[in-house]
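What follows is a single structure, written as C-alpha cells, with notes after it.
The values are calculated or read from the model by the stated rules, or taken from the named source; none is laboratory data. The structure displayed is predicted, hence computed values, not measured ones. Here Cβ is always computed from backbone atoms with ideal geometry, including for glycine, and neighbour counts include all displayed protein chains. Note: areas computed on protein heavy atoms with side chains; ligands, DNA, RNA excluded. Shrake-Rupley method; radii C 1.70, N 1.55, O 1.52, S 1.80 Å.
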Amino acid sequence: MKFYNLKEANEETAILDIFGEIGVNFFSDEEQNTGKAIKDFVDEIKKINSKELVVNINSPGGDVNDGLVIYDAIKSFPGKKIVNITGLVASAASVIAMAGDQINMSENSLLLIHRAMTMAMGNANDMQEVIDTLKKIDNLLINIYKNQTGRRDHTIENLMNENNGHGKFLNAEEAL
C-alpha cells in the first residue's frame, strides 16, 4: 500500500495526500519496497503539469532518508506548493511539510520535531560512526526548519532536544 496518493485535479491544481508512515513499517508484516515507492513518488512529482501542488499531510513520520528525498522532490516542483497539516505530522513528515511555500496547520493538529533516531549494533567504533552520522542528519534537519521559519539554529535545536531528544509536539500556535 502506498503512503501517498497524487492526482491532478485540473490544469491549475494537483493534490498530493500523504497519509501513513513514510518508508518501511517495522511493525507490519506487509512487504514494502521502499526504494521503489520513493522512486515512483519522485517520478510522479516530475510529471505534474499543474501550476500548483496542494500537499495534505497526516503522518506519524518514518524513515528520515525517505523524508528528505520526498522533501527535495516537492521543493523542486516549479509551481506554488501549499502544505496543509492535519492530525499528527511528526518526525520525517514534519520535514516534508517544510517544503511548502505556504503552510497551513489545522488548530486541531500537532507537529513534532525531534533529533534523528536509529537502532545500532556493533563495537565502540561502530557506535561512534552512528553518533557522527546522527549529528549530521540533525544538522540537515535544523537547516530545513531554519530555512522555512527564519528561526535561529539554537532555537530549533532546543525544541528538538526537549524530552531527552524526542522533541516537542507543537500545536498550530506554537508552530507559528
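A few points about this structure:
- Distance violations [Cα-Cα > 23 Å] among K2/K47; K36/K75; K80/K168; K7/K168; K146/K168: K80/K168; K7/K168
- DSSP bridge pairs, the chain: antiparallel proportion in percent, nearest 5: 25 percent
- Per-residue ellipticity at 222 nm computed for the chain from its helices equals -12000 deg cm²/dmol, with DSSP H segments shorter than 4 residues left out and the rest contributing -39,500 (n - 2.57).
- Coarse-grained scattering of the chain at q = 0.12, 0.18 Å⁻¹, given as base-10 log I(q)/I(0) from a Debye sum over alpha-carbon atoms: -0.56, -1.21
- Accessible area per residue, Å², segment 1-138 with all protein chains present, probe 1.4 Å: 56 Å²
- Distance in nm between pseudo-label sites at Q102 and D153 (7 Å out along the Cβ direction from Cα): 3.3 nm
- Accessible-area composition of the chain, carbon plus sulfur, in percent [1.4 Å probe]: 50 percent
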